[in-house]
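Report on the following structure.
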Amino acid sequence: MPNWLLPEYIQDMLPEEAWRIEGMRASVLELLRRSGYQLVAPPLLEYAEALLINDGHDMDLRSFKLVDQLSGRTLALRADITPQVARIDAHLLNRQGVARLCYAGSVLHTQPAGLMRTREPLQIGAELYGHAGLDSDLEVQRLMMQSLSLLGVEGVHIDLGHVAVFRALVQRAEISEALEIALFNALQSKDVPAVRELVGGLPKSTQDALLALPQLYGGVEVLQRAQQVLPDCDEVRAALNQLQQAALQLQPLAASVGIDLAELRGYHYHSGMVFAAYHAGSHDAIALGGRYDDVGKSFGRARSATGFSMDLRQLHGLLEPQALPRGILAPLNDDVALQETIARLRAQGQAVVVDMLGDAAHHAELNCDRELVQRNGSWQVAEIKH
């Protein structure tokens with residue numbers, strides 16, 4: 001096999017993609033900076049146990065692991081940056097009030113997360129710690145939608161769910177952990193016959209509520225049906241109320257807002273409202289987020305937390321192709337006036353490319369549409385004539 005071939009679902013980024021994604025990264029981070037979020041940059045690898053928390057089984061399957069030659073302990077290449085940011089908040093910053101943190105960096109997956117996805121996503125996101133109310137959920141949801149709009153991704157549908165609904169139902173019924181896992185899997189695939197078989201031995205009210213969950217998806221009107229068919233308990237009532245308020249706030253920012261009460265993505269990781277953004281150009285969600293109040297406990301300090309993340313490489317694929325800005329061609333010449341002109345143009349933000357070969361046959365590769373020519377004793381910019 002040729003040594004220039006890359007592993008499956010691993011790709012190089014060529015100049016057009018790499019420069020555009022770098023601009024996307026900078027734009028989103030600037031939006032987050034202006035919103036009060038502070039940048040952190042965790043390492044690419046850590047001890048495995050620091051990365052495999054809460055949702056440990058799923059993360060374990062997604063993570064590349066190796067043995068540290070210094071300590072003999074198992075290291076893991078990060079498959080998600082969120083646990084690292086939670087560690088920084090809980091253990092290093094140790095702030096007592098609200099902390100807003102953001103990040104951008106590559107993660108590695110043992111398997112692609114969806115159709116046509118890379119195993120090396122460029123993850124960017126924001127996390128808010130120290131506030132348990134709906135206002136913090138809304139802040140990160142708005143930031144996610146604003147980030148997508150800033151990048152030029154329009155026509156976004158957002159789905160809202162709340163893991164507290166399912167959790168309240170199974171806790172009230174005091175079911176076994178094995179049955180809870182089986183119900184979780186059946187609900188994720190909306191397999192109603194499987195759910196019906198699993199709930200056969202439960203109280204009638206719990207059976208009816210769990211069987212209703214796969215049907216409780218659609219527009220915001222789903223919440224009215226949910227109030228009628230789900231138990232009237234504090235946890236369910238609070239969750240439905242939060243979803244109602246979030247949907248109203250997000251409707252002006254999204255093409256459409258949906259509700260899915262069987263959406264339990266990250267059930268063992270998230271603790272409250274979850275949300276996902278979808279676009280017609282992608283089979284998979286283009287941005288994800290939710291509340292995860294218990295993650296910090298793994299690092300010695302549980303903190304209320306909510307956040308979102310997205311893959312800039314996936315988002316780049318939704319955008320119209322865009323050519324690189326063209327530059328100015330300069331001859332290879334030690335003339336002082338020429339060097340001063342080149343420096344001045346570069347200081348103004350222009351790309352000036354020195355033509356080292358002096359061969360017109362290669363000019364197209366240099367991506368220039370203008371050139372520096374000497375006229376009347378000075379160097380001037382002129383259009384390249386083909």
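The orientation-averaged shadow of the Cα convex hull for region 327-383, equal to a quarter of the hull surface, comes to 3.8 nm². Its alpha carbons considered, region 219-372 gives a radius of gyration followed by a Dmax of 27.3, 83 Å.
Taken along the Cα-to-beta-carbon direction at a fixed 7 Å, the label points for A194 and S149 span 3.9 nm.
Would you please give the FRET efficiency between Q111 and D232, computed as 1/(1 + (r/R0)^6) with r the Cβ-Cβ distance and R0 = 30 Å, to the nearest 0.05? Efficiency for this residue pair is about 0.10. By other beta-carbon atoms within 10 Å, ranking C233, C368 with the fewest at the front produces C233, C368. Coupling constants for region 225-231 follow from the phi torsions by the Karplus curve (6.51 cos²θ - 1.76 cosθ + 1.60, θ = phi - 60°), and in residue order they are 5, 4, 4, 7, 9, 9, x Hz; glycine and proline get x.
For the chain, the longest principal axis of the C-alpha atoms and the axis of helix 163-173 are separated by about 20°.
How large is ³J(HN,Hα), in whole Hz, for each residue of region 113-123 in order, when computed from phi with the Karplus curve 6.51 cos²θ - 1.76 cosθ + 1.60 and θ = phi - 60°, using x for Gly and Pro? Residue by residue, region 113-123 yields 6, x, 4, 6, 9, 7, 8, 10, x, 9, 7 Hz.
Pulled fully out, how much extra length does the chain show between D12 and L92, if you take 0.36 nm times their separation in residues and subtract their Cα-Cα distance?
Stretched out fully, the D12 to L92 stretch lengthens by 25.4 nm.
Here region 327-383 carries DSSP beta bridges of which approximately 45% are antiparallel, counting only pairs with both residues inside. Close amide H pairs (under 5 Å, H built 1.01 Å from N) link D355 with A330, L332, residues at least 5 positions away or on another chain.
Treating r as the C-beta distance of A26 and R326 and R0 as 22 Å, the FRET efficiency rounds to 0.60.
Using C-alpha pairs under 8 Å with a sequence gap of at least 6, the mean separation divided by the residue count of region 50-105 gives a relative contact order of 27 percent. Mean separation of Cα pairs under 8 Å and 6 or more residues apart, divided by the residue count, gives the chain a relative contact order of 18 percent. The C-alpha atoms of the chain define a longest principal axis, and helix 15-34 lies at about 60 degrees to it. DSSP beta bridges confined to the chain are antiparallel in about 75 percent of cases.
Note on region 15-316: Rg/Rh from Cα positions, Kirkwood definition for Rh, rounded to two decimals, is 0.96. Modelled this way, with points 7 Å down the Cα-to-C-beta line, the labels at Q249 and A41 are 3.2 nm from one another.
As a calculated quantity, the FRET efficiency between E221 and W4 at R0 = 41 Å, using C-beta atoms, amounts to about 0.15.
Order of 15-21, 379-385, 134-140 by packing, highest average Cβ count within 10 Å first?
134-140, 15-21, 379-385
Dipole magnitude for the chain: computed about the Cα centre from +1 point charges on Lys and Arg Cβ and -1 point charges on Asp and Glu Cβ, it is near 660 debye.
Taking amide H positions as modeled 1.01 Å from N, with prolines and chain starts lacking one, the residues under 5 Å from T110 and 5 or more places away or on another chain are S63, F64. Helix 177-188 sits at what angle to the longest principal axis of the chain, using alpha carbons and giving 0 to 90 degrees rounded to 10? For 177-188 against the chain, the angle is about 60 degrees.
Rule-based calculations on the coordinates, nothing more; no lab input. These numbers were taken from a predicted model, which means no experiment stands behind them. Neighbour counts run over all protein chains shown; Cβ positions are idealised from the backbone, glycine included.
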